[in-house]
Amino acid sequence: MEDEGKGPSFSLVLIDTMLWTRFEQTDSGYAVKVHVEQPSYDAPVVVTHGEVLAALVEGKLELKRALLRGLVRTYGPEGREGEFLQVGPQSPVSGMNSKNG
């Protein structure tokens, strides 16, 4: 299991472009591998659209709201689907809990 304060490794696919990106946990945060062929077999997968991702990054949409609306979906090994949502200081979603939404 990952260290406390850090989120787990996971893969992201943008359904509009079918772009797969893998986020792998490191000691200093995350290493990002873009254009991977497929997700890691044992890591959670996040599925969304490029416009949704842009709205999350820009703070125009709150992650919780995107999840509730089905704009972001998570899949993965049983019990691990939502692990990437663990927000810590080095989590990839730590900046996506904005005041908007």
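Residues in region 26-48 that are in a loop (DSSP other than H, G, I, E, B) and on the phi > 0 side of the Ramachandran plot: HIS35 only.
I'm told SER11 meets every condition in (1) assigned to a loop (DSSP other than H, G, I, E, B); (2) modelled with pLDDT under 90 except one. Can you identify the failing condition by its number? In the conditions (1) assigned to a loop (DSSP other than H, G, I, E, B); (2) modelled with pLDDT under 90, SER11 misses (1) alone.
For region 51-67, the set of residues classified as exposed (fewer than 15 other Cβ atoms within 10 Å of the Cβ), free of Cβ contacts under 8 Å to residues at least 40 places away in the same chain and not in a helix (DSSP H, G or I) consists of GLU58 only.
Being surrounded by 12 or more Cβ atoms within 10 Å (Cβ to Cβ), hydroxyl-bearing (Ser, Thr, Tyr), within 10 Å of the chain's Cα centre (by Cα) and at pLDDT 90 or above: is that true of THR48 here?
Values: surrounded by 12 or more Cβ atoms within 10 Å (Cβ to Cβ): yes; hydroxyl-bearing (Ser, Thr, Tyr): yes; within 10 Å of the chain's Cα centre (by Cα): yes; at pLDDT 90 or above: yes.
Yes; evaluated as a whole, the condition is true for this residue.
The values are calculated or read from the model by the stated rules, or taken from the named source; none is laboratory data. Small disclaimer: the values here were computed from a predicted structure and weren't measured. Cβ sites come from the backbone with ideal geometry, for glycine too, and all protein chains shown count toward neighbours.
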